[in-house]
Each structure stands twice: as C-alpha cells, then as structure tokens.
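Let me begin by presenting the structure, written as structure tokens, before commenting on it.
The values are calculated or read from the model by the stated rules, or taken from the named source; none is laboratory data. Treat the numbers as computed from the prediction; the structure is a model and nothing was measured. FYI the Cβ positions are ideal-geometry reconstructions off the backbone, even for glycines, and counts take in every protein chain you see.
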Amino acid sequence: MDVKTILQYVLALFMVVAGVNHFLKPRMYMRIMPPSLPRPRELVLVSGVAEVLLGIFLLVPATTRLAAWGLVALFVAVFPANLYMAQHPEHFRKIPRALLWLRLPLQAVLILWALWYT
C-alpha cells in the first residue's frame, strides 16, 4: 500500500471519528460556532453526519472524488468557527491562544489533503 492510500485511510478515519464525536459531545461543537449562525445544534449534527459519510465515501472508489470535494467544501464551511475561536480566546481559556491560531492554517492543510483525492 502506498503513502497516498495510507493517508487516505487516515483522513477517512479522522473524519469518521470527528463526525461521531459531534453526537457524543455536541455542546463542545456548539461552543465554537459563531453566534451569528442560526440553529447551532442542528448545524453540529448535520456537520457530524457529513463528516461520517464523507469519511466513509472517501474510501469507496466510486465516490472518492465526490467525497474529497465534499470534504473541501466542509473544511471551508467550518473555517468561520476556527476564526471565531482565534478572535475570541476569552471563550476558550483551556486552549492555548497559539493553538487557536494554528487551527487556521491547519484548515489549509486539510483542504490540500482532501484535494489530493480529487
């Protein structure tokens, strides 16, 4: 198995675990959502479903490309939450400020990672 395929499985597993976590700890995800977004609980649950499905579909050859594009869209869609966290560190005192800012370029890494499978 080559490195690209191994990393595809890693990304898929990461997404499925993260998606399931939306259902196990929805309040944690609701806290990071900008207050301007409506229906935070519903958005958390929908994004959790999307993460699980896209992670699974990333491993299905017939749906890999579509899932990868879906992940790109998802990573772009959650960027405002990461930006909100960085701009409002007082709401996230348990997380070091530097980590809040490092989440922003991490989104670019995740987007590039997903683009590898398009």
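Computed quantities for the displayed model
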read-out	value
Total residues in region 18-58, condition of a type in the set (A, V, I, L, M) and in contact with a Phe, Trp or Tyr (Cβ under 6 Å, 6 or more places away or on another chain)	1
Residues of region 9-59 satisfying the condition of being out of contact with any helix residue (DSSP H, G or I) (no Cβ under 8 Å at 6 or more places or on another chain) and not hydrophobic (A, V, I, L, M, F, W, C)	Tyr9, Lys25, Arg27, Pro35, Ser36, Pro38, Arg39, Glu42
Residues within region 60-100 that are more than 23 Å from Pro38 (Cβ to Cβ) and modelled with pLDDT of 95 or more, tallied	12
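Results for (1) without any contact (Cβ under 8 Å) to a residue 60 or more places away in the chain; (2) part of a helix (DSSP H, G or I); (3) touching a Lys or Arg at 6+ places or on another chain (Cβ under 6 Å); (4) not β-branched (Val, Ile, Thr), shown as yes or no for each residue.
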{"residue": "Ile6", "(1), (2), (3), (4)": "yes, yes, no, no"}
{"residue": "Pro38", "(1), (2), (3), (4)": "yes, no, no, yes"}
{"residue": "Leu59", "(1), (2), (3), (4)": "yes, no, no, yes"}
{"residue": "Glu90", "(1), (2), (3), (4)": "yes, yes, no, yes"}
{"residue": "Ala98", "(1), (2), (3), (4)": "yes, yes, no, yes"}
{"residue": "Ile111", "(1), (2), (3), (4)": "yes, yes, no, no"}
